[in-house]
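Structure, as structure tokens:
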Amino acid sequence: MNKKLSVKHLLGIKDLTADDISLILATADQFKEVINRPIKKVPSLRDITIANLFFENSTRTRLSFELAERRLSADVVNFSAATSSVKKGETLIDTVNNILAMKVDLVVMRHANPGACQFLSRHIDSKIVNAGDGAHEHPTQALLDAYSIQEKLGSVAGKKVVIVGDILHSRVALSNIFCLQKLGAEVMVCGPRTLMPRHIESLGVRVEYNLRKALEWCDVANMLRIQLERQDIKFFPSLREYSMQYGLDMNLLNSLGKEILIMHPGPINRGVEITSEVADSSQSIILDQVENGVAVRMAVLYLLAGRTDD
């Protein structure tokens, strides 16, 4: 495969073309086959050093990236600044410059400030993967979500996908909207008015405040986690009330008269966005998303490292 991405960094889905996304998903197919073999490692990035810079707490994303890097035989440096006093601006550059002095080729970064990865990309030579910047974008999550839909339904084009919940604080929602639309899906957002961004319609999505109507419309429902840590004021009276209006249980799912795919970016607040019964049901592809995340991140790292001529 001699195709290359049109971008030097993966800062957001907004910067990718539909061809870029298709190339990543096709490459992920090859790596999914690798991670299901008895020997799960390939030497593709053997001479590449990757630094994981997490300025914000993360378990799933950090582990997924680290596993992807080790499966590709890269050298991995982990830096966790979530509990330190590191902030944006000069201190961020100082921290990164110290790590770059160790001759790092690729940086995977999560940061609480939207635009932190763009800021960094203008100041350092290493290639950068955005692992989530504030409530802005989370591109690899959107890519693995699209890959998971494509794997189950054959393609993303023409599918109806509803994103349910805390749209206002969700970087997953924005990246998913961009990614799904570029692949030809119809997108709807559903949630309380207080958690719906102003002018969201300008992104070309439908808006629905009634969960049942949204579920009756869709082929896929992506149930977002309530981002309590990003909410400095109360956006709804209680989790119980949110769950009653926007939580998905088996009664509601079974009453639709059709099967839909249930997704969740994790970690799940069981009993809030979805019940345990729904999370563990045959319509749920939540664990597939986790597995696919490793393959998709392997694809992103491989393509950005420019190893497409191997």
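The values are calculated or read from the model by the stated rules, or taken from the named source; none is laboratory data. These numbers come from a predicted model, not from an experiment. Reconstructed Cβ throughout: ideal geometry from the backbone, glycine too, with neighbour counts over all protein chains shown.
Table: residues versus (1) of a type in the set (S, T, N, Q); (2) under 22 Å from the mean Cα position of the chain (by Cα); (3) at pLDDT 90 or above.
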position: L11; (1), (2), (3): no, yes, yes
position: K14; (1), (2), (3): no, yes, yes
position: L45; (1), (2), (3): no, no, yes
position: N57; (1), (2), (3): yes, yes, no
position: S85; (1), (2), (3): yes, no, no
position: E90; (1), (2), (3): no, no, no
position: I93; (1), (2), (3): no, no, no
Would you pick out the residues in segment 264-295 that are out of contact with any Ser or Thr (no Cβ under 6 Å at 6 or more places or on another chain), among the aliphatic types (A, V, I, L, M), crowded, with 18+ Cβ neighbours inside 10 Å and within 22 Å of I35 (Cα to Cα)? I286, A295
Please find, within segment 124-159, the residue that is surrounded by the most Cβ atoms within 10 Å (Cβ to Cβ) out of those that are without any contact (Cβ under 8 Å) to a residue 40 or more places away in the chain and farther than 24 Å from E69 by Cα. V156
Somewhere in segment 248-263, is a residue modelled with pLDDT under 95 and not hydrophobic (A, V, I, L, M, F, W, C)? yes
Hey, could you check segment 160-186 for residues that are over 18 Å from G12 (Cα atoms) and aliphatic (A, V, I, L, M) and say which is surrounded by the most Cβ atoms within 10 Å (Cβ to Cβ)? I163
Answer yes or no: is there a residue in segment 153-175 that is over 27 Å from D249 (Cα atoms) and either modelled with pLDDT under 95 or part of a helix (DSSP H, G or I) (or both). no
Determine whether E277 is farther than 21 Å from D145 by Cβ, without any contact (Cβ under 8 Å) to a residue 40 or more places away in the chain and not β-branched (V, I, T). yes
Inside segment 46-67, can you point out the residues that are over 23 Å from T95 (Cβ atoms) and hydrophobic (A, V, I, L, M, F, W, C)? L67
